[in-house]
1. I'd like to check something: does the stretch 67-89 contain any residue that is within 16 Å of the ligand (Cβ to nearest atom) and over 24 Å from A232 (Cβ atoms)?
2. Determine which member of the set E290, E295 is within 16 Å of the ligand (Cβ to nearest atom) and among the charged types (D, E, K, R).
3. Any idea which residue in the stretch 7-17 is nearest to the chain's Cα centre (by Cα), counting only those that are without any contact (Cβ under 8 Å) to a residue 40 or more places away in the chain and outside any helix (DSSP H, G or I)?
4. So, restricting to helices (runs of 4 or more DSSP H) that lie completely within the stretch 18-103, which ones have at least 1 residues that are free of Cβ contacts under 8 Å to residues at least 24 places away in the same chain?
5. Mind telling me which of the residues E295, E290 ends up being in a helix (DSSP H, G or I), out of contact with any Cys (no Cβ under 9 Å at 6 or more places or on another chain) and under 20 Å from N414 (Cα atoms)?
6. Based on what the data block shows, is G108 within 16 Å of the ligand (Cβ to nearest atom) and either closer than 20 Å to I393 by Cβ or in contact with a helix residue (DSSP H, G or I) (Cβ under 9 Å, 6 or more places away or on another chain) (or both)?
7. Anything in the stretch 388-428 that is away from the ligand (no atom under 16 Å from the Cβ), under 25 Å from E246 (Cα atoms) and among the aliphatic types (A, V, I, L, M)? List them, or say none.
8. Tell me which residues, restricted to the stretch 397-413, are under 20 Å from V209 (Cα atoms) and in contact with a Lys or Arg (Cβ under 9 Å, 6 or more places away or on another chain).
Amino acid sequence: MDRIKLSIDRVFGFVSQEAIASYAAASAAANESLHRATGKGNDFLGWLNLPSSISSADLDEIESSARLLRSECEVVVVVGIGGSYLGAKAVIDALSNSFEQLQGSRKGHPLILYAGHNISEDYLFELQELLKTKRFGIISISKSGTTTEPAIAFRLLKAQLEEQQGKKETQRLIVCITDKARGALRTLATQENYKTFVIEDNIGGRFSVLSPVGLLPIAVAGFDVRALVQGAVEMEKDCAPDRAFEENPAARYAAVRNELYKQGKKIEILVNFHPKLHYIAEWWKQLYGESEGKEHKGIFPAAVDFTTDLHSMGQWIQDGERTIFETVISVCEAKHRKIIPHSEDNLDGLNFLAGKHVDEVNKMAELGTMIAHVDGGVPNLKIELPQLDERYIGQLLYFFEKACGISGYLLGVNPFDQPGVEAYKKNMFALLEKPGYEAESKAIKARL
Ligand code: PA5
């Protein structure tokens with residue numbers, strides 16, 4: 001198996017094969033519409049052919065910048081929020097040692113930390129305390145350059161770096177990823193002479209993981225961005241409009257979730273049995289939530305880590321309101337082997353497992369859970385990854401992006417805008433009395 005594999009057999013007790021097959025024409029039309037740029041949001045389709053359009057020279061530039069940060073820094077802080085950090089964190093966590101943070105940071109193998117994805121004063125204080133004794137660098141990522149959370153974090157960290165290293169040295173240790181010409185971060189980067197990478201105008205944040213937004217931090221963490229891109233290119237081909245519905249995983253995933261939604265399955269739970277995949281689910285939640293949750297429509301994207309959450313959310317999933325379906329990301333091969341030992345006294349009664357490796361037990365938990373959930377009224381989709389490596393993760397990322405575009409069009413929304421995100425910002429600025437928000441300030445304060 002050299003591809004990730006989507007299995008949909010376990011939805012057929014809930015929706016018919018005919019119903020899914022009937023989506024062939026509509027999903028092909030949606031796919032065509034993406035490629036011909038005739039649908040809603042067609043000015044944000046730069047991600048569509050991004051994997052195959054990344055040149056070796058582009059990757060050379062990313063790798064050379066990554067090499068510099070790796071060789072110079074013990075810690076690299078990725079500053080960004082939403083689509084400007086989730087993809088990088090998802091891939092880095094999926095590929096890293098589970099205890100990376102405790103392995104000790106050193107030049108040549110910097111620890112990747114994150115900032116600008118919250119407005120917690122304690123988080124920022126504690127991060128800055130830690131960085132006082134570290135040689136650190138910053139990758140500041142913001143397409144607009146004015147997003148409040150990363151802008152606050154970058155102000156603080158830039159000032160700290162200048163204080164610790166001096167202005168000249170700081171120039172080498174900051175890389176900005178922002179839009180080509182407009183925007184505050186572009187102006188600042190030009191003014192300070194920082195190395196920059198461009199987020200193209202036609203790529204939205206949540207579709208940007210395969211651009212420098214994701215690739216630079218992933219390369220700094222020491223992972224093979226060429227293999228990641230290769231995997232994405234493979235999936236770009238497999239999900240192209242010329243692929244028949246039955247062979248096109250993105251089209252089939254989009255069809256199944258739309259049909260389940262029509263049948264009242266309003267919540268999709270992305271399940272993993274591998275804690276390293278937690279942030280893949282966080283990235284996926286943004287991708288689908290921000291793309292489809294509009295016009296009072298859209299599947300609610302949720303996520304759980306199994307078996308951990310079987311001991312907390314398992315009851316609800318098995319027995320609660322029957323409005324859910326689940327998509328399991330299954331990793332076929334664990335990277336390491338751990339054999340369960342025999343115990344003389346067998347107090348826990350687990351000697352029947354002695355001699356098995358841990359992943360065998362995990363796989364039976366996965367199978368048993370799937371059967372229980374299907375029996376309990378939860379349709380099941382499965383995406384298998386042969387192993388957790390750059391190439392298969394690249395395939396997975398592009399598969400989800402392409403399916404999201406098709407699925408949004410099947411739902412009838414614009415998958416590439418996010419008008420709802422502005423509401424909290426408007427209120428926050430009114431409450432903080434941002435210049436220009438005088439009327440909103442007055443109105444909101446009258447409501448308190
Ligand atoms: O997907 C999106 O558009 C958002 O999540 C943005 O990426 C996020 O709000 C950050 O925006 P910016 O990169 O402009 O700081």
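The values are calculated or read from the model by the stated rules, or taken from the named source; none is laboratory data. Computed from a predicted model, the values in this text were never measured in an experiment. Quick reminder, even Gly has a Cβ in these numbers, built from the backbone with ideal geometry, and neighbours come from all protein chains shown.
1. Scanning the stretch 67-89, I find at least one residue that is within 16 Å of the ligand (Cβ to nearest atom) and over 24 Å from A232 (Cβ atoms), so the answer is yes.
2. From the options E290, E295, the qualifying one is E290.
3. My answer is F12.
4. Where helices (runs of 4 or more DSSP H) fall fully within the stretch 18-103 and carry at least 1 residues being free of Cβ contacts under 8 Å to residues at least 24 places away in the same chain, they are 24-36, 50-53, 56-72.
5. E290
6. The answer is no for G108.
7. I393, L396, A403, I406, L410, L411
8. E401, A403, C404, S407, G408
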